Amino acid sequence: MFNYGDASDLAKLWIGEHRHDPRLILLPRIPHAEMPSLIGSFSVILGQQSLDIGAMGMSELEATACGKPVVCSFKYPNAYSEPPPVLVSQTPEEACEHIVRLLDNPALRQSLGRQGREWVAKYHEQKQVARQLLQYYQA
């Protein structure tokens, strides 16, 4: 899990039976160029958990692009013609349950990772974004 953001939100995640699970690791900020190798070295990525924001940010998109399953708060499924294949969490308990389920199920991790990579390529590929921007400006 990325160890930055609202410390009180992060503290809520360390609850219940999972707080001592050695598979849950807090990561410090690192240079952007190191992100792909860092993300690639983990099985599951916990993204932002803010119910106020509820959108995928750069960290979530990069993890998805790296083919890793992502658990995050996401409340805009209609922003795309198909919602991103992330596991949506509304509470810290739900986030922990998703993470542990993914850690215990390699086939599910692999499937969600593959779906996520395909989804990012479809909706966030540079040429696609440029075409959308051009259409917006032309309109």
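Here is how the numbers come out for the structure above:
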{"quantity": "Cα gyration tensor, the chain - rounded (a/c under 1.5), prolate or oblate", "calculated": "prolate"}
{"quantity": "Neighbour count of at most 13 Cβ within 10 Å plus DSSP loop: longest chymotrypsin sites (Phe, Trp or Tyr not before Pro)-free window in the chain", "calculated": "5-79"}
{"quantity": "Size of electric dipole in region 34-139: Cβ of Lys, Arg +1 and of Asp, Glu -1, about Cα centre, debye, nearest 20", "calculated": "420 debye"}
{"quantity": "Exposed trypsin sites (Lys or Arg not before Pro) absent: longest stretch of the chain, with sites in DSSP loops and at most 16 other Cβ within 10 Å deemed exposed", "calculated": "76-139"}
{"quantity": "The chain - percent of accessible surface contributed by carbon and sulfur, probe 1.4 Å", "calculated": "55 percent"}
{"quantity": "Accessible area (Å², per residue) of region 47-139, counting only protein heavy atoms and a probe of 1.4 Å", "calculated": "59 Å²"}
{"quantity": "Projected area, mean over directions - region 86-138, Cα convex hull, nm²", "calculated": "4.8 nm²"}
{"quantity": "CD proxy at 222 nm, helix term only [per DSSP H run n ≥ 4: -39500 (n - 2.57); per residue of the chain; nearest 500]", "calculated": "-14500 deg cm²/dmol"}
{"quantity": "Lys122/Leu27 FRET efficiency (R0 22 Å; Cβ-Cβ; nearest 0.05)", "calculated": "0.20"}
{"quantity": "Length-normalised contact order for the chain - Cα pairs under 8 Å, 6+ apart - percent", "calculated": "22 percent"}
{"quantity": "Two-site FRET efficiency, Phe42 against Tyr136, from Cβ-Cβ distance with R₀ of 30 Å, rounded to 0.05", "calculated": "0.25"}
{"quantity": "Gyration tensor verdict on region 16-87 (Cα atoms; rounded if a/c is under 1.5, prolate if a/b is larger than b/c, oblate otherwise)", "calculated": "oblate"}
{"quantity": "Cα gyration tensor shape of region 65-116, rounded if a/c is under 1.5, else prolate or oblate by comparing a/b with b/c", "calculated": "oblate"}
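The values are calculated or read from the model by the stated rules, or taken from the named source; none is laboratory data. None of these values were measured; they are calculated from a predicted model. With ideal geometry, Cβ positions are generated from the backbone for all residues, glycine too; neighbour counts draw on all protein chains shown. These area figures cover heavy atoms from the full protein model, side chains too; ligands, DNA and RNA do not enter into them. Shrake-Rupley method; radii C 1.70, N 1.55, O 1.52, S 1.80 Å.
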